[in-house]
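Only one structure is covered here, and it is reproduced in the block below.
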Amino acid sequence: MNIGHFPAQPHCFAYGGFDIQMNRVIDLIAAENVPMVRVNPWDREVRFGVAHFWGGEESHATALRFCAERGIRTAVSVLLPNASGGAAKKLAARGFARRLVKGPPAYTKAEIVTVINDQQATFAREVLRLPEARIRVIPTIVDEVFFEPTVRSKSLPESYVLCVGTVCRRKNQLTLLRAAHKTGHRVVLCGHYDDADPAYRQEVQAEIDASGGRFCRLSGVSARQLRELYENCSLLACISDHETEPASVLEAMIVGKPVLTSERPFADNPKFRGCTRCDADSVDAMARGIREACGAEARYPDFVPHQHRASSVVASYIALYRDLGLPVGGPT
């Protein structure tokens with residue numbers, strides 16, 4: 001009996017952190033000899049006893065219904081708002097609730113819904129009204145290279161602000177560059193440009209070109225090369241308009257670097273206590289945040305790094321599949 005994996009979206013249109021995480025998990029689970037298949041919708045012969053849907057897309061609704069009709073067990077891995085308590089109720093009363101008027105999201109029909117942290121689990125209970133028994137918290141995986149002892153690379157310059165992720169409006173790199181222009185800091189952007197927004201690409205590239213070599217952009221780096229970039233930076237800036245639990249912040253904290261985040265809901269994550277925060281809409285406020293973060297101690301008292309190790313995360317997924325009736329081995 002196989003596990004059938006369904007992706008969140010066609011990768012020809014979008015491929016981001018969630019998709020990278022999904023493929024990493026699938027490959028690691030397969031390495032534990034768990035029978036699985038990436039479902040090809042054109043294949044009429046594919047068979048599986050457990051369907052694992054990735055992402056909360058409504059496009060999964062039909063396949064979830066077919067699974068229910070055929071007795072196929074189901075799990076869905078989603079990213080939910082990082083909100084609980086009063087914040088969750090406020091969200092429920094505003095935009096998110098309006099999306100629930102036509103009924104609960106399709107993914108709530110799955111037998112088990114996985115989320116990546118306790119805040120999202122609380123949101124699933126308080127807003128989506130999912131029972132505790134159907135919610136699993138399974139953290140994201142951080143590449144094992146980030147857990148290795150720190151060794152500074154002599155091939156890289158020191159003292160720069162690092163920003164990791166697709167260069168796009170949501171991640172707000174343009175404001176970062178303008179703030180760093182004020183502070184005199186160098187900046188390394190690590191990520192490809194968003195092809196869907198050529199105007200933003202031009203604005204960012206213009207700032208880089210006018211920086212006299214202080215700003216640069218890299219892409220296509222390996223995990224080990226990325227680790228070197230963290231080791232040699234002054235701080236990691238994650239100043240996005242919206243995030244869930246950005247991998248770059250987790251990676252920087254594990255390496256032991258100061259982190260600057262935007263004053264957005266994702267920064268309320270208890271794991272991120274110890275990060276410096278700033279108003280990401282203001283160039284001047286971000287410039288102050290850069291100066292403050294550069295002198296901050298990289299100390300994160302509520303962060304438990306080993307929860308993000310591959311072995312721990314894979315064991316959690318294998319336990320989930322066991323609970324859905326799949327006779328699998330692997331780590332316990």
If amide hydrogens are placed 1.01 Å from N in the peptide plane, which non-local residues have theirs closer than 5 Å to the one on Arg217? Leu189
Through the Karplus equation 6.51 cos²θ - 1.76 cosθ + 1.60, θ set to phi - 60°, convert the phi angles of the range 49-66 into ³J(HN,Hα) values in whole Hz; use x for Gly and Pro. x, 10, 9, 10, 9, 10, x, x, 5, 5, 5, 7, 4, 5, 5, 5, 5, 4
Specify the inter-centroid distance of the range 270-332 and the range 45-73, based on alpha-carbon positions, in whole Å. 29
Which residue, Leu80, Leu236, Leu28, has the most motion in a Gaussian network model of the chain that connects Cα atoms within less than 10 Å? Leu28
Can you compute the FRET efficiency between Val137 and Glu69 using 1/(1 + (r/R0)^6), with r the Cβ-Cβ distance and R0 = 25 Å? Round to the nearest 0.05. 0.30
Is the range 157-226 rounded, prolate or oblate when judged by the Cα gyration tensor, a ≥ b ≥ c being the square roots of its eigenvalues, rounded requiring a/c under 1.5 and prolate requiring a/b larger than b/c? oblate
Expressed as a whole-number percentage, the relative contact order of the chain with C-alpha contacts under 8 angstrom and at least six residues apart is 17
What angle do you read, to the nearest 10 degrees and between 0 and 90, between the alpha-carbon axis of helix 173-183 and the longest principal axis of the chain? 30
First check a/c for the range 198-332, with a ≥ b ≥ c the square roots of the eigenvalues of its C-alpha gyration tensor; if it is under 1.5, answer rounded, and if not, answer prolate when a/b is larger than b/c or oblate otherwise. prolate
For the chain, the longest principal axis of the Cα atoms and the Cα long axis of helix 223-232 enclose an angle in degrees, to the nearest 10, of 40
Got a number for carbon plus sulfur as a percent of the range 2-44's accessible area, 1.4 Å probe? 57
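Using the Cα centre of the chain as the reference point, and only Cβ charges (+1 on K/R, -1 on D/E), how large is the resulting charge dipole? Debye, rounded to the nearest 20.
580
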Specify the angular offset, from 0 to 90 degrees and rounded to the nearest 10, of the alpha carbon long axis of helix 310-323 from the longest principal axis of the alpha carbons in the chain. 20
Using a basic spin-label model with each label point 7 Å from the Cα along Cα→Cβ, how many nm lie between Ser219 and Thr62? 3.3
Arrange the peptides 132-142, 108-118, 206-216, 247-257 so that the one whose residues have, on average, the most other Cβ atoms within 10 Å appears first. 247-257, 108-118, 132-142, 206-216
Give me the 1.4 Å probe accessible area per residue for the chain, excluding ligands and nucleic acids, in Å². 48
Pairwise label distance in nanometres, Asp19 with His242, each label 7 Å out on the Cα-Cβ vector: 1.8
With a 10 Å cut-off between alpha carbons and a GNM built on the chain, which of Leu177, Leu128, Leu64 moves the most? Leu128
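The values are calculated or read from the model by the stated rules, or taken from the named source; none is laboratory data. Everything numeric in this text was worked out from a predicted model, so none of it was measured. Because the Cβ atoms are built from the backbone with ideal geometry, glycine has one as well, and the counts that use them run over all protein chains shown. What goes into the accessible areas is simple: the full protein's heavy atoms, side chains included, and nothing from ligands, DNA or RNA. Shrake-Rupley method; radii C 1.70, N 1.55, O 1.52, S 1.80 Å.
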